[in-house]
Amino acid sequence: MSDANIFITEESLAGDEDGPLAGRTVAVKDNISTEGVRTTCGSEMLAEYVPPYDATVVSRLKDAGATIVGKANMDEFGMGTTNETSAFGPTDNPTAPGHVPGGSSGGSAAAVAAGEADLALGSDTGGSIRCPAAFCGVVGLKPTYGLVSRYGLVAYGNSLEQIGPFANTVEDAAELLDVIAGPDDRDATTRDPQLEGDSYADAATGDVNGLRIGVPTELLDGADEGVVEAFWDAIADLEEQGAEYHEVSLPSVEHAVEAYYVIAMSEASSNLARFDGVRYGNSGGYDGNWNEAFARAREEGFGDEVKRRILLGTYALSAGYHDKYYKKAQDARAWVKQDFDEALSEADVLASPTMPVPPFELGESLEDPLQMYLADANTVPVNLADLPAISVPAGETDGLPVGLQLIGPAFGEEEIIRAASALE
Amino acid sequence: MSDDAVNPEEVRHVAELARVGLADDEVDQFTRQFADILEYFETLDEVPEVDREADLVNVMRPDETRDSLDSEDALRNAPETEDGYFKGPNVS
């Protein structure tokens, strides 16, 4: 075991003997339910919680023959960009020691980067798969909303989040996607993938001849110079292989961060209302009036970032402010969708740096939450638009990994897998 | 909170609505941070009204009985139980 604090719980769960993932090891983010193995969401609130059932994706992993090797560290309830909000301490970045692995699925990305697991599952509400993939120099894919079942995923922002794969190669990530994708009668938002080929893994051909790439200029504005340089090198590489690119404008994305945070916090304030310490979770054992008992249990069980988001979400939904914040955020979300639809009518994929900055140093950025939210500028628009996106390693700047993000049309995972595999 | 600077009473009020206890120093910290964050959220005012042509259909299924979690499993994570029930604090 490494001392990078990658796992919250290390436990070996063997899957079936046969199957497409037989002999492969998988790390599972600790907000995905595993029967009989504690699932903490990186929170003191659920430090002792042991789910009585498996998430659908976990059942599918076991049926596919994978061996689960542990529950990966994460920002508390998925709320963070650095893995530093975990109640179990931060994870170190195996690719860039002394730096954050990104968040919120930081442990999952680090497990793959450190060779502690062949593959990993994370969840992505606003970039939580793509950010750590970029920061740790591995591949991470956020599927189209509705491709992968969320049954058994502890909810944070239901209208935004998807479970998705991490791996060292695009083809391996696609193989894991093949196992977890597809309809589940326990998640009514799932549907048939409607593949063009036989599998997602088959799409990793590296063939980009004739591929039309749109580059949204807004997602390069303000990005770190070294990151932008690495980005253009990757685009030049794709051009040499027969792709062509053109610049596009997505004016709506200027409002994506604030729209995302209003919607995600609002959903969080409702979803996290269930943690009252009665049916599960930390109760603190307080007596007296139930409102006070709940408030004290939640004060004790939740960390700062979770409290901030619950409070801001409660505020955004409260009488008199709902139209000002929540309704406007939904308008912005619809606008972002329209912009992406338009851009993708003249491009097969859109490309941007996954993160506008290289990985932060550990401890660098905890004090200013707003600055942290702004780091999500390139990933959150994709969740607002329900689209699929992949982050693939694209060189480095000053020795730190840089990720390239490729965004596809809804259920166009094969397209982004094909394009991303050309960069390996 | 938004029209004027955020004040500590409002932070306490929202925390009460959300059933989250806050220490005094947390109230001060959140008051400062919320002022910045809400000021940033104000830029949503510039978003035009957008026609939301969501192409959504309801997903329905017939109601059919099937096995559910048995009560022993359901109660296993509860800090306190009594006679097969969850036990919570007093309803004021």
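Please treat every number below as a calculation from the coordinates, not as lab data. It should be emphasised that the depicted structure is a prediction, and the values quoted were computed from it without experimental measurement. Neighbour counts are summed over all protein chains in view; Cβ atoms, including those assigned to glycine, are modelled from backbone coordinates with ideal geometry.
Efficiency by 1/(1 + (r/R0)^6): what FRET value for residue B:9 and residue B:57, r their Cβ-Cβ distance, R0 = 60 Å, to the nearest 0.05? The formula returns an efficiency of 0.85 here.
Scoring A:387-394, B:50-57 by mean Cβ neighbours within 10 Å over their residues and listing the highest first yields A:387-394, B:50-57.
Computed 3J(HN,Hα) for segment A:311-325, one whole-Hz value per residue from the Karplus formula 6.51 cos²θ - 1.76 cosθ + 1.60 where θ = phi - 60°, is 5, 5, x, 4, 5, 5, 9, 6, 3, x, 10, 4, 5, 5, 9, glycine and proline marked x.
Provide the percentage of antiparallel DSSP beta bridges, counting only those with both residues in chain A; round to the nearest 5. Of all bridge pairs located within chain A, approximately 65 percent are antiparallel.
Hey, got the average number of other protein chain Cβ atoms within 10 angstrom for residues in B:21-33?
On the way: counts 13, 4, 1, 0, 0, 5, 0, 0, 3, 6, 0, 0, 7.
Neighbouring Cβ atoms belonging to other protein chains average 3 per residue here.
Applying a DSSP loop filter and a limit of 11 other Cβ atoms within 10 Å to the GluC sites (Glu not before Pro) in segment A:93-177 leaves nothing. The mean sequence distance of close C-alpha pairs (under 8 Å, at least 6 residues apart), as a share of the length of chain A, puts its relative contact order at 19 percent. From the largest down, chain B spans 52, 46, 21 angstrom on the principal axes of its Cα atoms. The H on the amide N of residue A:397, modeled in the peptide plane, is under 5 Å from the matching H of A:402, each at least 5 residues off or on a different chain.
The C-alpha atoms of chain A define a longest principal axis, and helix A:328-343 lies at about 20 degrees to it.
Per-residue shielding of A:311-322, expressed as the average number of other chain Cβ atoms within 10 Å of the residue Cβ, stands at 5.
Value of Rg to Rh for chain A, rounded to two decimals, is 0.95; Kirkwood radius and Rg both from alpha-carbon coordinates.
Along its three principal directions, the equivalent ellipsoid of segment A:41-100 from the Cα gyration tensor extends over semi-axes of 25, 17, 9 Å, largest first.
Karplus-based coupling profile of segment B:75-83, in residue order and whole Hz: 8, 4, 8, 6, x, 9, 9, 8, 6, with θ = phi - 60° in 6.51 cos²θ - 1.76 cosθ + 1.60 and x standing for Gly or Pro.
Per-residue 3J(HN,Hα) values for segment A:45-58, derived from phi via the Karplus relation 6.51 cos²θ - 1.76 cosθ + 1.60 with θ = phi - 60°, read 3, 10, 4, 10, 6, 10, x, x, 8, 8, 4, 4, 5, 6 Hz in sequence order (x marks Gly and Pro).
Rounded, prolate or oblate: which fits segment A:318-424 when a ≥ b ≥ c are the square roots of the eigenvalues of the alpha-carbon gyration tensor, with rounded for a/c under 1.5 and prolate only if a/b beats b/c? Because a/c hits 1.5 or more and a/b fails to exceed b/c, segment A:318-424 counts as oblate.
Mean separation of Cα pairs under 8 Å and 6 or more residues apart, divided by the residue count, gives segment A:263-309 a relative contact order of 37 percent.
For segment A:61-158, calculate the relative contact order in percent as a whole number, restricting contacts to Cα pairs under 8 Å that are 6 or more residues apart.
Relative contact order for segment A:61-158 comes out at 22 percent.
Across peptide A:282-288, the average count of Cβ atoms from other chains found within 10 Å of a residue's Cβ is 3. Distant-in-sequence amide contacts of residue A:8, defined by a placed amide H-H separation under 5 Å and a gap of 5 or more residues or a different chain, comprise A:71, A:72, A:73. Summarising the label geometry, the points placed 7 Å from Cα in the beta-carbon direction at residue A:244 and residue A:189 lie 3.8 nm from one another. Restricting attention to chain A, the count of lysine pairs at 8 or more positions apart or across chains with alpha carbons under 29 Å apart stands at 19.
Oblate is the label for segment A:366-405, because a/c, from the alpha-carbon gyration tensor with a ≥ b ≥ c as root eigenvalues, is 1.5 or above and a/b does not exceed b/c.
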